[in-house]
Amino acid sequence: MSAKILVVDDNPINLKLVSDVLLFEKHELFTAADTGGARTVLAAVLPDLILMDIALPGMDGLTFTRQLRTEERTRDVCIVALTAFAMKGDDQKAIAAGCDGYVTKPIDTRNFPIQVVGFLRASCAKRGAIARPENTTR
Amino acid sequence: MGPTHSFWTEGIAQRWNIFFVMLAGVIITVINEALHRARVSNEVVSRELMERAGAVKLEILQTAIFCSANFSCIATDARGVIQLFNVGAERMMGYAAGDVVNKVTPAELSDPKELIVRAAALSIELETPISPGFEALVFKASRGIEDVYKLTKVRKNGSRFPAIVSVTALRDEKTDIIGYLLIGTDNTAGQKIEDERRLADDARLAVEQALHEANAALEVTKTAAEKANLAKSDFLSSVSHELRTPLNAIIGFAEFMIDEKPGALNPKQKEYLSDVLMSGRHLLQLINDVLDLAKVESGKMVLHPETFAVRKVIQEVAAVIKGVAHKKHITLQIVIGPGLEFVTLDQHKFKQVLYNLLSNAVKFTDDDGIVVVHANLLDGKQFEVRVRDTGIGIRAEDMSRLFNEFEQLDAGPARRFEGTGLGLVLTKKFLEFQGGCISVESELGSGSVFTIVLPLSVASMETA
């Protein structure tokens, strides 16, 4: 299962780690260091999954997620918070903002690709059931 | 004033008896009513007394009243000049009858300042000017108003005492006032009680005021503490975030390379990267433990109780430990006593406690040892879990340091055992937080037994 994945993270090393791990799994990767960069990518590509850091310079990831949820084009995109905010309650904040999932850093590089596939499958099933019944075999 | 004059100057002998009968009656009434609220008009009193008079031996009565030592009886003429001053009055005031009779008015035996105050108060109350002399003592009585009041009397030697005085106007047949009768008691004891009560009230008020102030101060402190706690919580969250961010890269890339995803490694490269990975994970564990501890300390620890099967959870934790135990050829046994099935606790924290105890047991037990987990129902309310190992044991003098922060026992420059030294501290805090406790028995060289006791059910609660 290969998918288009946008990773938004202001820390270039972490961005590289997540991208490289997922590239190894043959996904198609797009990266952005902030929400502005993410906008630029989104203008050209509609990804299957957005991995969203929460603490970003300028607009934070949760506010950005809430925005994307109000826009027709990105309303149903699978967005997963990928964050070093790992205190109790941070997960609920992410879900409340409209994220489909929540993964804490440090990531487990062995398990992370499996988690990503899980999110993609769940997202597919959800969209297949609601929006596009014909598009069930990706 | 004519009739009054005639009362005292003409036919004194005839009227004296009548006077004493009246006097006796008034005294009896006043005593009966305990100097209060004799709601009988002077006329009625007089009539009744006249009727009784026939049956009473007047001389005896006169003598009794005159010699009564407990009440002062002072009778005056209409102008206030003292005509009668009984033994009680002599005793209380220190004057002999001869000192005062036909010489002074009772006003001169009273505190002049009080008279001024009383006159002023009466002037306002009765809306007529009243002079601060004898008039102030008898004005109400002269208007037929029953009057009992407190007053400070001044003795012959200048000393003072509080008195309660009852005043009655004496009237002749035509109801003209012919004089006044003042009956007094020494109120020193009553005043003392009143003063003490007032002092007690003052003290109580002071205490209440102090309490109120202390409460206000407490409220301020509490608000400050809440703010500080909030700041601490923000700080913890931010520290956690900042430490995890670089660790993500350290652990992630090390793992990625060890798995040889980017390319093959030689054995030395692999070994060193394993060291990087292990240190990274150790650091992560340390951060998690410190943050947990900080959460406990700052009251941010929250319980999330759920009902689960004890056996299942113990087996799950044992499964995690099994790998390490297997490598050291340590036998891991689990024994669950009868009747112990479901408990309602914070499962995550229970697992953490078990994991700490089991990993310690395995860590400190040499190859081919045995670790036994024994869970038992204690009574209807509690259960215990014993973790017994055949490890190195703990010296008696080290037992008390076992639950101290960052104190891994035997911590020298070359620590033999990996660990943050926070495991048991957190274990103890997690247990206490759920109403449980931990104890340890150990013999150096032959192993240790850690016993935890927990309630079967803990209600959802928060500190703070």
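The values are calculated or read from the model by the stated rules, or taken from the named source; none is laboratory data. Here the structure is a predicted model, which means the values were calculated and not measured. Cβ coordinates were reconstructed from backbone atoms using ideal geometry, including for glycine residues, and neighbour counts include every protein chain displayed. Ligands, DNA and RNA are excluded from the accessible area calculation, which covers all protein heavy atoms including side chains. Shrake-Rupley method; radii C 1.70, N 1.55, O 1.52, S 1.80 Å.
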Just reorder B:R198, A:R69 by solvent-accessible area, largest first, 1.4 Å probe, all chains present.
B:R198, A:R69
Computed on Cα atoms, Rg of the range A:1-75 relative to 2.2 N^0.38 Å comes out at 1.04
May I ask which residue of A:V116, A:T35, A:L15 lies farthest towards the positive end of the charge dipole of chain A, with charges of +1 (Lys, Arg) and -1 (Asp, Glu) on Cβ and the Cα centre as origin?
A:V116
Sequence of B:C73, A:C124 from largest to smallest accessible area, 1.4 Å probe:
A:C124, B:C73
If you place +1 on the Cβ of every Lys and Arg and -1 on the Cβ of every Asp and Glu, how big does the dipole about the Cα centre of the range A:4-127 come out, in debye to the nearest 20?
300 debye
Go through A:A97, A:I50, A:A125 and say which Cα lies farthest out towards the positive end of the charge dipole of the range A:4-127; charges sit on Cβ, +1 for Lys and Arg, -1 for Asp and Glu.
A:A125
May I ask you to list the residues of the range B:373-392 whose amide nitrogen lies under 16 Å from a point 7 Å from Cα along the Cα→beta-carbon direction of B:K322?
B:373
Kindly state, to the nearest 0.05, the FRET efficiency for B:T223 paired with B:H304, given R0 = 30 Å and r defined as their beta-carbon distance.
0.60
Once the whole set of protein chains is in place, how much accessible area is left on B:H304, using a 1.4 Å probe, in Å² to the nearest 10?
90 Å²
Sequence of B:H326, A:H27, B:H348, B:H282 when ordered by accessible area, the most exposed leading, probe 1.4 angstrom:
B:H326, B:H348, B:H282, A:H27
By the mean-Cβ-within-10 Å protection proxy, highest first, A:54-61, B:81-88 rank as B:81-88, A:54-61
Kindly provide the helix-only [θ] at 222 nm of chain A, computed as the sum of -39,500 (n - 2.57) over DSSP H runs of four or more divided by all residues, to the nearest 500 deg cm²/dmol?
-13500 deg cm²/dmol
So how exposed is B:K222, as accessible area in Å² (1.4 Å probe, rounded to 10)?
110 Å²
Only residues of the range A:62-77 count here: report those whose backbone N is under 14 Å from the spot 7 Å along Cα→Cβ of A:A125, or say none.
none
Using alpha carbon centers only, the range A:1-37 is separated from the range B:114-157 by a whole-angstrom value of 101 Å
On a 28 Å Cα-Cα criterion, which of the cross-link pairs B:K270/B:K363; A:K126/B:K351; A:K26/B:K351; A:K4/B:K261 come out too long?
A:K126/B:K351; A:K26/B:K351
The value for the range B:254-295 (convex hull of the alpha-carbon atoms, volume per residue, Å³) is 47 Å³
So, R0 is 51 Å and r is the distance between the beta-carbons of B:Q209 and B:L126; what FRET efficiency does that work out to, to 0.05?
0.85
Could you name the aspartates and glutamates whose alpha carbon sits less than 20 Å from that of B:K312, not counting residues in the same chain fewer than 8 places away?
B:E341, B:D346, B:E384
Chymotrypsin sites (Phe, Trp or Tyr not before Pro) within the range B:92-163, DSSP loop, no more than 13 other Cβ atoms inside 10 Å
none
The range A:28-78: which GluC sites (Glu not before Pro) are DSSP loop and have at most 15 other beta-carbon atoms within 10 angstrom?
A:E71, A:E72
Could you pull out the trypsin sites (Lys or Arg not before Pro) across the range A:1-44 that fall in loop regions by DSSP (anything but H, G, I, E, B) with no more than 12 other Cβ atoms inside 10 Å?
A:K26
Could you give the accessible area per residue of the range A:4-127, probe 1.4 Å, as a whole number in Å²?
42 Å²
Everything considered on the Cα gyration tensor (a ≥ b ≥ c; rounded for a/c under 1.5, else prolate if a/b is larger than b/c, else oblate), the range B:268-319 must be described as oblate
